[in-house]
Ligand SMILES: Nc1ncnc2c1ncn2[C@@H]1O[C@H](COP(=O)(O)OP(=O)(O)OP(=O)(O)O)[C@@H](O)[C@H]1O
Ligand SMILES: [Mg+2]
């Protein structure tokens, strides 16, 4: 039996049972079924199973062909509607072949919970099913509903340019891929617990929770950690760069800030990530444009007004320049989480994590860690990338410890370049021949 026919029958059974049991809601549909039925921000009954929707859900080019032989299926040639003529028979057929799939499909688990043929628990299936706010399709339909029409007006369009929204399913890095300090782990656990027990916290009147500030130098994992949290908690991730908000239409800035918070509330539960938070500090200086000052005040006020407990929005700010933040900005966060440059042990762990999929001869992460004092996680990734690319130029895909050591050395030279003063500084390094790569390739000299 091809899995194609199982997919199509599961699709037909799910839509059929979902329509029959009105106590079920969209969170009872597996994401792959749900995704084809979004309409203006909701999934409405009846779910129309057609050749078209079945194709989209199952990824089969010819879903009807996969089930046309079965005697309990029917297709309306004209409308493309697919139907189970004898649902009981379809259920039996499915249970005989794919009872193991029921646990991953809350709608089926609900219908078959009491059946002696499968051992499933509806609550557990629902718990394990990805919630709808984690679906890209849900996010898009919501944005379309609330901001779609404005697109034609002047400011609707650039609104969605201001924020970058990631569905959890799109996040590439999870917390497992990140090496965190003990303190970071403890803080993250705290927030995970707070989210789990939101209702309790609301009941006891603890509302000042759920605003985090990540501080640390570039490349220490602030953005990655925030995104990974979105993935692990199944929350959409709304990212905004504060400098972007002011880049275009100064007069609109305060309004844009309000809209960002509006988007976050509409998408809630979600994470609102505000990068470059030091922007707030810079613009509070007296010589700034009045519109920007207004925007910053709006921002601070919006932060006050938003709450994890009431609005289901977890706010995370990030900055490379904590020293520039004033008390007004600082006190709005209930937890400050430090992202220091990694120490020896962490660097070794990061090297281990980022090379997990690779086989490296004589790999000695500790030795590398000792040579990479001062480098961040992001630097280490770059080192690895260089080592891989260098090996590729020699037609090698097998890497050795030596390759990594060499890449570290090159990285350090490259890093020195960053500190050179390009105008008045060390001219030797700025003309070809006195090059910084040290490899002596000198191949790209320019005629001056
Ligand atoms: N502790 C870490 N463990 C694993 N990977 C890390 C770590 N820190 C940084 N990285 C990697 O470095 C890259 C850059 O990290 P990220 O963008 O999260 O840094 P950032 O702190 O947000 O930097 P910036 O301040 O420049 O925005 C990512 O690919 C990330 O996975
Ligand atoms: Mg970042």
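The values are calculated or read from the model by the stated rules, or taken from the named source; none is laboratory data. If you're wondering where the values come from, they're calculated on a predicted model, not measured in any experiment. All Cβ positions, even for glycine, are placed from backbone atoms using ideal geometry, and neighbour counts span all protein chains on display.
Residues of the stretch 73-106 that are within 21 Å of residue 52 (Cα to Cα) and either free of Cβ contacts under 8 Å to residues at least 60 places away in the same chain or part of a helix (DSSP H, G or I) (or both): 74, 75, 76, 77, 78, 79, 80, 81, 85, 87, 90.
Out of all the residues in the stretch 308-331, which are at pLDDT 85 or above and buried (at least 18 other Cβ atoms within 10 Å of the Cβ)? Residues satisfying the conditions are 308, 309, 311, 312, 313, 314, 315, 316, 317, 318, 319, 320.
Scanning the stretch 50-91 for residues that are exposed (fewer than 14 other Cβ atoms within 10 Å of the Cβ) and closer than 25 Å to residue 128 by Cβ returns a single hit, 59.
Yes or no, residue by residue, for (1) in contact (Cβ under 8 Å) with a residue 60 or more places away in the chain; (2) part of a loop (DSSP other than H, G, I, E, B):
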site	(1), (2)
173	no, yes
213	yes, no
220	yes, yes
239	yes, no
244	yes, no
265	no, no
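The single residue among 323, 334, 343 that is away from ligand 1 (no atom under 16 Å from the Cβ) and under 22 Å from residue 223 (Cα atoms) turns out to be 334.
Kindly check whether there is at least one residue in the stretch 376-383 that is in a loop (DSSP other than H, G, I, E, B), surrounded by 15 or more Cβ atoms within 10 Å (Cβ to Cβ), in contact with a helix residue (DSSP H, G or I) (Cβ under 6 Å, 6 or more places away or on another chain) and not assigned by TED's automatic domain parsing to the domain that holds residue 185. Looking for residues that are in a loop (DSSP other than H, G, I, E, B), surrounded by 15 or more Cβ atoms within 10 Å (Cβ to Cβ), in contact with a helix residue (DSSP H, G or I) (Cβ under 6 Å, 6 or more places away or on another chain) and not assigned by TED's automatic domain parsing to the domain that holds residue 185, one finds none in the stretch 376-383, hence no.
Set side by side, the residues 170, 208 differ, and just one is loosely packed, with under 15 Cβ neighbours inside 10 Å and modelled with pLDDT under 90, which is 208.
Among the residues here, residue 28 does not qualify as surrounded by fewer than 16 Cβ atoms within 10 Å (Cβ to Cβ), at pLDDT 95 or above and over 19 Å from residue 92 (Cβ atoms).
Scanning the stretch 35-68 for residues that are more than 15 Å from residue 84 (Cβ to Cβ) and in contact with a strand residue (DSSP E or B) (Cβ under 8 Å, 6 or more places away or on another chain) yields a single hit, 37. A Cβ distance below 8 Å, combined with a sequence gap of six or more or placement on separate chains, defines the contacts here; from the stretch 42-59, residues that are free of Cβ contacts under 8 Å to residues at least 40 places away in the same chain reach residues that are surrounded by fewer than 16 Cβ atoms within 10 Å (Cβ to Cβ) and assigned to a helix (DSSP H, G or I) in the pairs 45/19; 46/19; 47/19. For residue 350, the stated conditions do not hold, so it cannot be described as away from ligand 1 (no atom under 15 Å from the Cβ), modelled with pLDDT of 90 or more and either more than 23 Å from residue 234 (Cα to Cα) or assigned to a helix (DSSP H, G or I) (or both).
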